[in-house]
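Working notes, structure below.
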Amino acid sequence: MATTWFSAPAPVAHRVRAYFAPVNRAAQTPVLFDPAEQGTFNLDAPPFPWISLGWIDSFSRKAMSKTAPVLSGIPAVTLEQVRETLEAQVTLQFLSWTKLTMALATGAQHMNVLVPASGAAAAADGARAVPAVTVESGSTATSIALAATDAATFSPGSIVALDVDYTGQTGFVGSPVSGAYVRQALSDVDYIRRVTFNVALVSGVTSAGLTLVEPLPGGAPAAGSKLQAVTGFVDREGGTFYQEWSALFVMQGSQGERISFYYPRLQPMASAQEAAAPLSGKNPGGQTRLLLKGQFLALPVTDPLDGERLLCYRSFVPAANALV
Amino acid sequence: MQNAKDSFYMALRTRLAALNPDRTVLLRGTVRPGILVEEAEAPFSQPPNDVFMLRWLGLGVDLDLSSTMAADECEVLYQTAGTQSFGGLDRGRALSGMDEELVVMLQPLFTPKMNYTPTPPAVMLTHVFWSEPAFTPTVTQRDLLSRSAKVTVYSYQEQGE
């Protein structure tokens, strides 16, 4: 009778893939990752609303929780132990610079630099912008309906930001991903579009609107959204706002097994930093690749299954036919 | 270990046939995808042009694991003189084309392990996987450009192997 199993050694993984999804800051609700229903998802097509950030480098997770013994007797012996603190950190390096990777590798707000209006006074976050155009109904996450005259002001290759006007509100702003927390009313009508994560590259322009290369992270534009062109991004050293995201790190083993680390709540804990990696090991003084360094603090959630407070879930899908 | 070597070769051969059906070789009266295993053919006085040739080199084993792991080093050699229609002036482009084909053929870096001894071949329980290729510099010999790339092919020994 043919053998139908094998004893699998420790997994061999090539790299780590990272996926992030926005925590609903107002409701304090992280995005769930269900290992039963999503444990073997296609790595190139993560379930909504997870956003793939591709391969990452130097992934390291560090449990910093502390335990303490409960001593009893003379001489004292450890009767049991208790968990005194619950803390974990994650560090990694992103292999690309995008809106999301820059924001995640920044300790505070991450801003879109809007195309400036003619003659606008200079500002460190970008000058006063060209007025936004109104997004019409019927838009989707990849197709933005505009009036023909508005569409004509964009071209393939443009970067655009979509969100609602800032009208004096306070609290978390940006829909549905919170890009900032406003403590007191501001005067910039474009502020939300400066901090929004609804940013995309335009692949096509017609008289009916714009086609986007990738879907907007927030899905179809919210009612009342407006659109502006973006020339780049800017972030700052300092500030009081902390990004917060749910994160999923996946290692695919050589035998088809999969290890997933799910952090329901991660906040960046370091200011923007870069790491220089030489392109050639033979010429360390030559050209270097600049990698964004991310350092995150895991925040707790309460598992409704048993009421335990925790920071991370590690799940494992064994290889087919492997002994368990 | 032979099953791992066979599986690696057949994976690359299948991928090449899909990637570039025009890259073929006439061997023993049969037209096949343009990739062969040196040790499974009659000795060549000179390797054929525009064909990938696998040469198996070193072997290492790790006996300390719950399943023994074998690491076979494979060198993929290829050479070209370009095409007659361009008088060989396209030999650099032809070599670049083979470089690109090899990079694509090697991905993904794994394939199911098969036993090709029975007919039809039997799917085994594990996967064969390999490292990213390490390319050597181009060698120029008169009108011939050649290059090789080395990969390490890993596999777990299954019961009965």
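Here are a few things to note about the model shown:
- Gain on full stretching of the segment that runs from A:A148 to A:A275 - 0.36 nm per residue minus C-alpha separation: 41.3 nm
- Separation in nanometres of the label points that stand 7 Å from Cα toward Cβ, at A:A76 and A:T170: 4.8 nm
- Nearest-0.05 FRET efficiency for A:T211 and B:M10, computed from C-beta distance (R0 51 Å): 0.75
- Cβ-Cβ FRET estimate between A:A124 and A:N24, R0 fixed at 30 Å, reported to 0.05: 0.50
- Whether the protein assembly as shown is rounded, prolate or oblate, judged on the alpha carbon gyration tensor where a/c under 1.5 counts as rounded: oblate
- Within chain A, longest stretch clear of exposed trypsin sites (Lys or Arg not before Pro) (DSSP loop, no more than 10 other Cβ within 10 Å): A:1-182
- Using only side-chain charges placed at the Cβ, +1 for Lys and Arg and -1 for Asp and Glu, the dipole size of the stretch B:1-151 relative to its Cα centre rounds to 340 debye.
- Among A:M64, A:M269, A:M102: highest mean-square fluctuation, GNM of chain A, C-alpha pairs under 10 Å: A:M64
- Subset of A:K62/B:K150; A:K66/A:K293; A:K62/B:K113; A:K282/B:K5 violating a 28 Å alpha-carbon distance limit: A:K62/B:K150; A:K62/B:K113; A:K282/B:K5
- The C-alpha atoms of chain B define a longest principal axis, and helix B:2-19 lies at about 40 degrees to it.
- Calculated FRET efficiency, A:A223 to A:T140, Cβ-Cβ distance, R0 = 22 Å: about 0.95 to the nearest 0.05.
- Projected label distance in nm at A:L43 and B:R28, using a 7 Å step from Cα toward the beta-carbon: 3.7 nm
- Exposed trypsin sites (Lys or Arg not before Pro) absent - longest run of chain B, DSSP non-H/G/I/E/B, at most 16 other C-beta within 10 Å: B:29-141
- Full-extension gain in nm, A:L290 to A:S65, via 0.36 nm per residue minus C-alpha separation: 77.8 nm
- Helix content alone sets the calculated 222 nm mean residue ellipticity of the protein assembly as shown: runs of n ≥ 4 DSSP H residues at -39500 (n - 2.57) each, divided across all residues, give -3000 deg cm²/dmol.
- Spin-label model, A:D34 to B:T119: label points 7 Å out along the Cα-to-beta-carbon direction sit 4.9 nm apart.
- For a label point 7 Å along the Cα-to-beta-carbon line of B:A42, residues of the stretch B:9-32 with backbone N under 18 Å: B:25-32
- Other residues within the sphere of radius under 11 Å centred on the Cβ of A:A319, judged by their own Cβ, net out at 0 (K and R +1, D and E -1).
- Each part gets one Cα centre, and for the stretch A:261-324 versus the stretch A:60-129 those centres are 11 Å apart.
- A DSSP coil position with no more than 15 other Cβ atoms inside 10 Å describes the following chymotrypsin sites (Phe, Trp or Tyr not before Pro) in the stretch A:85-192: A:W97.
- Signed unit charges on C-beta, dipole axis of the protein assembly as shown, positive-most listed residue B:M98, A:Q295, A:P278: A:P278
Here, each number is a calculation from the coordinates, and none is a lab measurement. Everything quoted here is computed from the prediction, not taken from an experiment. Virtual Cβ from ideal backbone geometry, glycine too; neighbours counted across all protein chains shown.
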